[in-house]
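Heads up: the structure comes next, in structure tokens.
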Amino acid sequence: MILSPDLTGRIAADPDLMRDFEQLCAFGGRLAGTESERLAMDFVAERGAQASQVSCRSLPVSYGGWRALRAELRLGDGSSVACHPLVRSIATPPGGLTAEVVDIGRGTPEEFEAHRGEIAGRFVLVRHELMFAAGTIHRRRKYDMAREAGALGFLIAGPLPNSLVTGSSGREVGTPGIPAIGIAPETAARLARTARGFPRATLRLDTEEQQAETRTLLFDIPGREDEWVVLSAHVDGHDLSESAIDNASGVAAALAVVRALAAHVANWRRGLRLAFFSAEEWALTGSALYVAQLSEQERSRIALNVNLDSVAGGPRLAALTSGFAGVEPFLLSVADANGHDLRCVRPLMTNSDHANFALAGIPAFRMVAGYDDPAAPVRLVLTAADTRDKVPRAELSAAAQLAACLAAAACQADGQTADKWRAR
Ligand SMILES: [Zn+2]
């Protein structure tokens, strides 16, 4: 199925694509629970209604809120260095926590095993790695391995010179854990073991935790049948940067897709449901609650979830197909027919909201830029460098055009085609 040139041309010429993207960046990093996130959710509610020409359904999302009040790291020589608390890190005791630091490198299971006898009672130091690559070991796994081995704290060094890194510690608010911070690579270098032994450091983290509320925003543009394609993107991000790639890019692209397609959906078999989640950086909480409250019948009526997360910041696009082998021939043929390059990557990656759809048996994929491309700017997500200058208009526009082709074709596919998407 080839999308009419009018529709892709409309996205190519859409002045609101970059305008929405820049406005989302201008709100700041949109960390869940901050004023920045609230303003962005209000903006998206309004822009979603304008794009879809339907009114917004807003589902309340209650989650374990968290914020950092203070984060300090002092090295053994008494100097203070910059650090950034990982989201939902537990606080240290009020006076801080002093311990030796053991650098275990990247933080692979083999490295944890090799240093097993040195971890208990110390801070563990590991490295942040490119997230969109085969073989990536997620920060949360490293955190869990450190905790299980008896570490007192968790330090993760970012990939960029003189720059911190953030992310989620993976801990549930209200449960035990160990303090966790991001540091710059130069700080990591100063924490190398010497002939005098393991270096010492003092970490102090003050945090506040209380139940918090956000929303999931839904816009249903009906087709002929009560069947749906869900086009989703998460609005929230991190407070080290303006979270431009991750995920102002996906939100702006989703809005542009809906502006181009909205007037046509009534003629198609399936409706298009635009879904904006928050608390994604919070263990995918918004989408988890959304999928959990769907009845079995409602789930069976969702033919496909197209999740846009970090869709610019690299010249090539990939679809992370979450084990749904059956959806790949469809995605590849639509991309090819419309002149787009697309790579399919099969394993389920629980790194964005599509994972909650996939885990509930709903065919789902995440569109992401720069997969397996170590030079692509998408490597900068979760650092202070995730800023709007990393997102060229041409890339964002190409991603929105491909997403429009895929969503439009999915809305129009016959029942037999859609049945194949469920095959794993
Ligand atoms: Zn994301």
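Each value in this text was obtained by applying a stated rule to the coordinates, not by laboratory testing. This structure is a prediction, so every number in the text was calculated from the model and none was measured. For neighbour counting, all protein chains shown are included, and Cβ atoms are generated from backbone atoms with ideal geometry for every residue, glycine included.
Look at the dipole of segment 68-209 built from charges on Cβ: of Ile178, Gly135, Pro199, the Cα furthest out on the positive end belongs to Pro199. Amide H contacts of Arg346 (H built 1.01 Å from N, in plane; Pro and chain starts excluded): Thr321 sit under 5 Å, all sequence-distant by 5 or more or on other chains. Dipole size of segment 68-209 about its Cα centre, with +1 on Lys/Arg Cβ and -1 on Asp/Glu Cβ: approximately 120 debye, rounded to the nearest 20. Near the amide H of Arg30, within less than 5 Å, lie the amide hydrogens of Glu37, all on another chain or at least 5 residues away, with H placed in the peptide plane. Beta bridges assigned by DSSP with both partners in the chain are antiparallel in approximately 55 percent of cases.
Across segment 192-301, the convex hull enclosing all Cα atoms gives 170 Å³ per residue. With the simple model of a label 7 Å out from the Cα in the direction of the Cβ, Arg196 to Glu35 spans 4.4 nm. Per-residue 3J(HN,Hα) values for segment 117-127, derived from phi via the Karplus relation 6.51 cos²θ - 1.76 cosθ + 1.60 with θ = phi - 60°, read x, 9, 8, 4, x, 10, 7, 9, 10, 10, 10 Hz in sequence order (x marks Gly and Pro). All other residues whose Cβ lies under 10 angstrom from that of Pro377 are scored, Lys and Arg at +1 and Asp and Glu at -1, for a net of -2.
Each 5 Å bin from 0 upward holds the following percent of the Cα-Cα pairs of segment 283-420: 2, 10, 19, 22, 20, 14, 8, 3, 1, 0.
On a C-alpha basis, how far is the centre of segment 1-53 from the centre of segment 84-146 in Å? Whole number, if you could? Value for the Cα centre distance between the two parts: 36 Å. The charge dipole of the chain, taken about its Cα centre with unit charges on the Cβ atoms of Lys, Arg (+1), Asp and Glu (-1) only, comes to about 560 debye. Phi-derived couplings, Karplus 6.51 cos²θ - 1.76 cosθ + 1.60 at θ = phi - 60°, listed residue by residue for segment 366-375: 10, 8, 9, 8, x, 4, 6, 10, x, 8 Hz, with x used for Gly and Pro.
Of the three principal axes defined by the Cα atoms of segment 1-124, the extents in descending order read 63, 36, 29 Å. Just checking the listed ones, Leu348, Leu231, Leu308: in the Gaussian network model of the chain with Cα springs under 10 Å, the one fluctuating most is Leu348. Largest mean-square fluctuation among Pro347, Pro85, Pro176, in a Gaussian network model of the chain whose springs join Cα atoms under 10 Å apart, belongs to Pro176.
Rg and Dmax over the alpha-carbon atoms of segment 68-209 stand at 13.7, 41 Å. For segment 141-237, the share of alpha carbon pairs falling in successive 5 Å distance bins from zero is 2, 8, 14, 16, 16, 11, 8, 7, 6, 5, 3, 2, 1, 0, 0 percent.
Selection among Gly153, Asn267, Leu39 by position relative to the dipole of the chain gives Gly153 as farthest towards the positive end (Cβ unit charges, Cα centre).
Label positions at Asp6 and Arg424, each projected 7 Å from the Cα along the C-beta direction, are separated by 4.1 nm. Among Gly121, Gly339, Gly105, the largest mean-square fluctuation in a Gaussian network model of the chain, built with springs joining Cα atoms closer than 10 Å, belongs to Gly339. Rounded to the nearest 5, the antiparallel percentage of DSSP beta bridges internal to segment 68-209 is 55%. Dimensions of the chain from C-alpha coordinates, computed as largest minus smallest value along each principal axis and given longest first, are 73, 41, 37 Å. Annotation for segment 346-378 versus segment 281-340: alpha-carbon center distance of 8 Å. Label positions at Glu110 and Leu332, each projected 7 Å from the Cα along the C-beta direction, are separated by 3.1 nm.
Given the rule -39500 (n - 2.57) for each run of at least 4 DSSP H residues, summed and divided by the residues of the chain, what is its mean residue ellipticity at 222 nm, to the nearest 500 deg cm²/dmol?
Numbers: 14 runs with 133 residues, N = 424.
Result for the chain, helices only: -9000 deg cm²/dmol.
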